[in-house]
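Below is one structure, written out as structure tokens, with a few remarks after it.
The values are calculated or read from the model by the stated rules, or taken from the named source; none is laboratory data. Quick caveat, the model's predicted, so the values are computed rather than measured. All Cβ positions, even for glycine, are placed from backbone atoms using ideal geometry, and neighbour counts span all protein chains on display.
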Amino acid sequence: MGKIASKTGFIALCTTIGLVGCEAMSPGKPTLEGELDVIEATQQTDIMLTLAEPGEAVNYFKRKLAEQPDNEEYVRGLAISLNRAQKPQEAALVYNRLTESGKATSEDRLQYSETLIKTGAIADAELQLAAIPPTVETYKRYLLEAIVADNNKDWDKADSFYETARGLTTKPAPVLNNWGMSKLARGDFESASNYFQEAITFDPKMFSAKNNLVTARARKKNYRLPVIPMSELEEAQLLYNTGIIAVRQGDVDVGRGLFELAVETHPRHFQEASDALNSLQTNVAN
């Protein structure tokens, strides 16, 4: 992007002093047609990714690539837009096209790695991360490295990567939530609860951290909801999810009580909790 920015400045200068002056400053380049194409593609990409709906952006980049199939900015824009449209499988194919063209940047490989992780292709994601120079030390890189290490059950490496990622961002809630999930996978419910709780302090709206927290507590048969910010809708959902765990752990009466609370708490009719109650009552009757 630095290269593109410098060319933008060059064109602004040309506008000021006139084309003849520019030609004198840049001998051997009688026109700027190629440079203008790259800049236009970059600007259009930024606009579509910032302002357009994901589906609209996908269609736009597909149309542009039909006209200019080798334009890397349009390839990149399509991959990002497909991810925004919740189509990681398709996005991965586009990122693969970009890497095979030899035009992928380190940021592209990071995005590709994240996309591959979303599709469950962890080994492929690890290969893409390995292709990124070690000098690229960013929050996203270390978070993705930690997730890959988790998948490999390399817990020490995962903890190290999570710690580094946490130190590289002022918004660590996603790192803490993932770190908690890592601890949960290891059966360390106490540490998992602490990480989830901390994630919520940084992002009180992160429902996944709230759900993970009640899950970690319920796995230890602590079925009380923690004191955390939650809406009525969230509270009902958390009560229901906790009830599911209670029933699976053999605490059927506790689960029934939690389902009843979920139905009472929900601002509207809570069909799933009502169905769970009916199912338990049917089993008792039989």
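Brief remarks follow.
- Identity of the residue in segment 56-82, of a type in the set (A, V, I, L, M, F, W, C) and farther than 17 Å from ALA92 by Cβ, that ends up modelled with the lowest pLDDT: ALA57
- Restricting attention to segment 249-286, the residues that are under 30 Å from the mean Cα position of the chain (by Cα) and either farther than 23 Å from ILE200 by Cβ or buried (at least 21 other Cβ atoms within 10 Å of the Cβ) (or both) add up to 5.
- Matching helices (runs of 4 or more DSSP H) fully within segment 63-123 where at least 1 residues are more than 24 Å from ALA149 (Cβ to Cβ): 72-84, 88-100
- Count - residues of segment 168-182 that are in a helix (DSSP H, G or I) and within 14 Å of TYR142 (Cβ to Cβ): 6
- Scanning segment 148-167 for residues that are assigned to a helix (DSSP H, G or I) and either within 19 Å of GLU198 (Cα to Cα) or among the basic types (Lys, Arg) (or both) returns LYS157, ALA158, ASP159, SER160, PHE161, TYR162, GLU163, THR164, ALA165, ARG166, GLY167.
- ALA131 vs. criteria surrounded by fewer than 20 Cβ atoms within 10 Å (Cβ to Cβ), hydrophobic (A, V, I, L, M, F, W, C) and under 28 Å from GLU90 (Cα atoms): yes
- Index of the failed condition, THR282 passing every other in (1) in contact with a Leu (Cβ under 8 Å, 6 or more places away or on another chain); (2) farther than 28 Å from ARG186 by Cβ; (3) of a type in the set (Val, Ile, Thr): (1)
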